[in-house]
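The structure appears right after this line, and notes come after that.
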Amino acid sequence: MENINIKAPRDDKRTRTFSWEEVSKYFFLLCSVLSIFFLLLICVFIFKDSIEFFGKLGVKDFILNDSWAPMNQPPTYGILSMILGSIIITALSCLGAVPVAIMVAAYLAFDCPKKFYKILKPGLNLMTGIPSIVYGFFALTIIVPINKSIFGGNGMNILSAAILLLIMILPTIISMAEASLRTVPKSYYSGSLSLGASHDETITRVMIPAARSGIFAGIILGIGRAIGETMAVILVAGNQTRLTLNPLKGIRTMTTNIVLEMAYAAGDHRQALIATAGVLFIFILIINTSFFIVKNRREKND
């Protein structure tokens, strides 16, 4: 009897799946490479003119000088007041936002009834997506008049800007902190209760410390948004290039300075604004690196 070789049918579905996996893998690889390429391109654009400008003026005269008068003869380019303004507004907003965000995140993760959670959570997500200019108009019509009625002046000052940024960064920190709290094993909670701790003690002394890595990440994102915010701060900060620690005085941040003057800047003036962006870039990099080092040291100590 003649032997007949019957070939097994080809698994087209499996072949198709494998090819799509390959396409997806290379697509995501391309996206990663492009992300790194664009980041390097931004760095080259910023630091090329920044280094050239620093060679003309000097880093010390640019960073430690508080006189910004590009239209004077001779012009002066000093951004110390703007660096201080960015630090003060960011610090005040974060000092107010971080404790509130952690408490709200703990409430959403452990105590919030489901029917309220279905309302509060979408509301927080909606706040995250609101354009910054809308927040700015809100502050201009609500926060600034209240500030003016209580403290006098025109109400456009460091305090108004800090309150505005506090509201803007709250949803980001709350979302990250809540997600981190929900990843903590339930056994931590039940174990703490079984040892005699109360519900509040368990949350503050066990659950929140266990979730600090994700909370730190949320704080870093909040600081990044606060220090990089521009359009909303322009409307309420007063935009005066002065060196002051008084929260009731107007001040200008690095980001607002770039936006306000880039449209008509040319020559050294334009390079000075790009150098301001370079200082801001380095500033954010230092903050992120510092938080990363602190977080790693705490994890090693634990």
Could you tell me how many degrees, from 0 to 90 and to the nearest 10, lie between the Cα long axis of helix 212-228 and the main elongation axis, the longest principal axis, of the Cα atoms of the chain? 40 degrees
Scan around Trp68 for amide H atoms under 5 Å from its own, H built in the peptide plane at 1.01 Å from N, and keep only partners 5 or more places away or cross-chain. Gly78
Taking 7 Å along the Cα-to-C-beta vector as the label spot, tell me the Phe116-Lys186 distance in nanometres, rounded to one decimal. 2.2 nm
Solvent-accessible heavy-atom area per residue, rounded to whole Å², over the chain at 1.4 Å: 59 Å²
³J(HN,Hα), Karplus 6.51/-1.76/1.60, whole Hz, each residue of region 233-249, x for Gly, Pro: 5, 3, 6, 10, 7, x, 6, 9, 7, 10, 9, 8, 10, 6, x, 9, 9
Kindly write out, for region 272-279 in residue order, the coupling ³J(HN,Hα) from the Karplus curve 6.51 cos²θ - 1.76 cosθ + 1.60 (θ = phi - 60°), rounded to whole Hz, with x marking Gly and Pro. 5, 5, 5, 5, 4, 5, x, 4
Region 180-281, relative contact order in percent, only Cα pairs under 8 angstrom and at least six apart counted: 18 percent
Carbon-plus-sulfur fraction of the accessible area of the chain, 1.4 Å probe, in percent? 68 percent
Whole-Å distance, taken between Cα centres, linking region 26-67 and region 204-237: 24 Å
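Could you order the peptides 276-285, 166-175 from most to least packed, using the average number of other C-beta atoms within 10 Å per residue? Mind dumping the intermediate values first?
Values: 276-285: 17.9, 166-175: 23.0.
Highest mean packing first, the order is 166-175, 276-285.
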Sorted peptide list for 95-101, 22-28, 51-57, criterion being average Cβ within 10 angstrom, highest first: 95-101, 51-57, 22-28
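The values are calculated or read from the model by the stated rules, or taken from the named source; none is laboratory data. Bear in mind the structure is a predicted one, so any value in this text is a computation, not a measurement. Because the Cβ atoms are built from the backbone with ideal geometry, glycine has one as well, and the counts that use them run over all protein chains shown. All accessible areas refer to the heavy atoms of the entire protein, side chains included, with ligands and DNA or RNA removed. Shrake-Rupley method; radii C 1.70, N 1.55, O 1.52, S 1.80 Å.
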